[in-house]
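Quick notes on the structure that follows.
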Amino acid sequence: MTYEIPIPLQQEHEQLHATLRHITQAAGAVGEAARDLARLMHPHFVKEDAIALPPLGLLETLASGKVSAEMAGVLRLTDELRAELPVMLAEHRTIVAALDRLEQIARLAGRDDIIEFAQALRLHAETEEKVMYPAAILVGEFIRLHLAHAAEPALLA
């Protein structure tokens, strides 16, 4: 079974990438700070796309009450996310520090568009930490509990 990142999350990541790519083309200190940020963000986004966001593709199905044994494959992702979470949160702190630098430089350059981007990306990181990562882990825990409960009658027979 494949686990697809929900389209709104895919589009949000694509938009953030596109905006950052555009900002990296800026001259001087603004472009340099944006390129530093991009170097930090790229491997983090790759990791998110691999383990943190695909489990969220099951939320709608799970909320409708449908759980199947085929979903057990997502446990590999959610277990890896749980193990990687401290590293991912540390990456966020590094990214936010780079965002702070970009925002300071953008403020000096009078680039309100870049300041707005930095604020939006900071909010995105906070949303991941407080909503998306925990939700992805809960997807795994819900499936694990459901499958364990479904297996109980077989154990009693």
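The values are calculated or read from the model by the stated rules, or taken from the named source; none is laboratory data. Small disclaimer: the values here were computed from a predicted structure and weren't measured. So basically every Cβ, Gly included, is an ideal-geometry build from the backbone, and we count neighbours across all protein chains shown. Accessible surface is based on the protein model in full, side chains and every heavy atom, while ligands, DNA and RNA are left aside. Shrake-Rupley method; radii C 1.70, N 1.55, O 1.52, S 1.80 Å.
Looking at segment 68-99 only, could you name the residues that are closer than 30 Å to residue 30 by Cβ, without any contact (Cβ under 8 Å) to a residue 40 or more places away in the chain and among the acidic types (Asp, Glu)?
Answer for segment 68-99, where residues must be closer than 30 Å to residue 30 by Cβ, without any contact (Cβ under 8 Å) to a residue 40 or more places away in the chain and among the acidic types (Asp, Glu): there is none.
Whether any residue in segment 79-94 is more than 18 Å from the chain's Cα centre (by Cα) and surrounded by 12 or more Cβ atoms within 10 Å (Cβ to Cβ) is what I want to check. If you could, list the steps in order and put the result at the bottom.
Quick first cut of segment 79-94, residues more than 18 Å from the chain's Cα centre (by Cα) only: none.
No: zero hits.
Quick test for you: out of 65, 140, pick the one residue that is farther than 22 Å from residue 24 by Cα and touching a residue at least 12 places away in the same chain (Cβ under 8 Å). Give the steps one after another, and end with the answer.
Numbers: 65 fails: touching a residue at least 12 places away in the same chain (Cβ under 8 Å).
That would be 140, the only listed residue that is farther than 22 Å from residue 24 by Cα and touching a residue at least 12 places away in the same chain (Cβ under 8 Å).
Quick check on my filter: what residues within segment 50-66 are of a type in the set (A, V, I, L, M, F, W, C) and part of a loop (DSSP other than H, G, I, E, B)?
The initial filter retains those residues of segment 50-66 that are of a type in the set (A, V, I, L, M, F, W, C), namely 50-53, 56, 58-59, 62-63.
If the condition is that a residue be of a type in the set (A, V, I, L, M, F, W, C) and part of a loop (DSSP other than H, G, I, E, B), then 53 is the only one that fits.
For segment 95-126, give me the residue count where each residue is of a type in the set (S, T, N, Q) and surrounded by fewer than 13 Cβ atoms within 10 Å (Cβ to Cβ). Even if it seems obvious, please write down each step before you answer.
In the first step, residues of segment 95-126 are kept if they are of a type in the set (S, T, N, Q); the result is 104, 119.
Okay, now just the ones that are also surrounded by fewer than 13 Cβ atoms within 10 Å (Cβ to Cβ), so 119.
So the count comes out to 1.
Give the number of residues within segment 1-31 that are charged (D, E, K, R), in contact (Cβ under 8 Å) with a residue 24 or more places away in the chain and either outside any helix (DSSP H, G or I) or open to solvent by 90 Å² or more (accessible area, probe 1.4 Å) (or both). Walk me through how you get there before you give the answer.
Kept after step one, since they are charged (D, E, K, R), are these residues of segment 1-31: 4, 12, 14, 21.
Pick out the ones that are also in contact (Cβ under 8 Å) with a residue 24 or more places away in the chain and you get 4, 12.
Still in the running and either outside any helix (DSSP H, G or I) or open to solvent by 90 Å² or more (accessible area, probe 1.4 Å) (or both): 4.
Residues flagged as charged (D, E, K, R), in contact (Cβ under 8 Å) with a residue 24 or more places away in the chain and either outside any helix (DSSP H, G or I) or open to solvent by 90 Å² or more (accessible area, probe 1.4 Å) (or both) within segment 1-31 amount to 1.
Here are 114, 105: which of them is touching a Gly at 6+ places or on another chain (Cβ under 9 Å), closer than 16 Å to residue 31 by Cα and either in a helix (DSSP H, G or I) or at pLDDT below 95 (or both)?
Working: 114 fails: touching a Gly at 6+ places or on another chain (Cβ under 9 Å).
Among 114, 105, only 105 is touching a Gly at 6+ places or on another chain (Cβ under 9 Å), closer than 16 Å to residue 31 by Cα and either in a helix (DSSP H, G or I) or at pLDDT below 95 (or both).
Which of the residues belonging to segment 73-115 are among the hydrophobic types (A, V, I, L, M, F, W, C) and farther than 16 Å from residue 51 by Cβ?
Quick first cut of segment 73-115, residues among the hydrophobic types (A, V, I, L, M, F, W, C) only: 74-75, 77, 81, 83, 85, 87-90, 95-99, 102, 105-106, 108-109, 114-115.
Of everything in segment 73-115, those that are among the hydrophobic types (A, V, I, L, M, F, W, C) and farther than 16 Å from residue 51 by Cβ turn out to be 95, 96, 97, 98, 99, 102, 105, 106, 108, 109, 114, 115.
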